[in-house]
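The values are calculated or read from the model by the stated rules, or taken from the named source; none is laboratory data. A quick note: this is a predicted structure, and the numbers were derived from the prediction, not measured. Cβ sites come from the backbone with ideal geometry, for glycine too, and all protein chains shown count toward neighbours.
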Amino acid sequence: MTEQKTPDQKTLVLTGASRGIGHATVKRFGAEGWRVLTCSRLPFDPRCPWPGGEENHIEIDLADPNKTIVAIEVIKAKLGGRLHALVNNAGISPKGEGGARLTTLNTDLRTWGHVFHVNFFAPVVLARGLQDELAAAKGSVVNVTSIAGSRVHPFAGAAYATSKAALSALTREMAHDFGPLGVRVNAIAPGEVETAILSPGTDKIVENLPLRRLGQPREVADAIWFLCNDASSYISGTEVQINGGQHV
């Protein structure tokens, strides 16, 4: 059955929607009655339970800037002129042999470029490409950074960490630039959240967290939801730490 967008229904564009935090975010916004356009390098999985999922899915390889630019036109055609929220959640964190951490000493240039295209360049390209639709809805942008962007992490590689630090700085720049359009831009920085990206040994980190537990994807999705609705209408240019006190 094809799901039709109602005139007053709000729309979210979400990258990295296929698992973890992205998956939880689709469910959170869907429960609030939003239409969710999911973007992933993978085709739509028919096992996903939400209605209209395949029609509202855009297959996009954010590592390729040309394909990202082309996909913007596909997204625009589905929006009908208004976009209430853009959540840049897609991110990659390559590992070395045996899952080893990639450092500044052993990360090759192609890997640096690949990581930055997905984690840093794609968010600004998408936001700039969809600025008219965001402005028309007085919408919100949320960039998903990481605790690894502010400290050396035992598992997150150097390219991943620096791309997230750059995305944090980009969030401030975007908040400044998009603000006059009526568009708010914020970031969330998750810590140890129970997703497929976790590395063996994370349990040792959790032992020292003030809350002594992993975060859940739904808890991150709740924070994203807050930053995309009217409850946060005067919040822009900030980065919310979601890490059980890991940053203290």
For this session: State yes or no: is I60 in contact with a strand residue (DSSP E or B) (Cβ under 8 Å, 6 or more places away or on another chain), touching a residue at least 40 places away in the same chain (Cβ under 8 Å) and crowded, with 17+ Cβ neighbours inside 10 Å?
Result: yes
For this session: Would you point out the residue of segment 73-100, among those that are buried (at least 20 other Cβ atoms within 10 Å of the Cβ) and either farther than 21 Å from H23 by Cα or not hydrophobic (A, V, I, L, M, F, W, C) (or both), that is nearest to the chain's Cα centre (by Cα)?
Result: N89
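Would you check which residues across segment 103-145 are assigned to a helix (DSSP H, G or I) and of a type in the set (V, I, T) and list them?
Selection gives T111, V115, V118, V124, V125.
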For this session: Kindly indicate whether any position in segment 128-149 is among the hydroxyl-bearing types (S, T, Y) and touching a Pro at 6+ places or on another chain (Cβ under 9 Å).
Result: yes
Problem set entry | Residue that is surrounded by the fewest Cβ atoms within 10 Å (Cβ to Cβ) [pool: residues in segment 180-205 that are farther than 24 Å from T25 by Cα and at pLDDT 95 or above] | P180
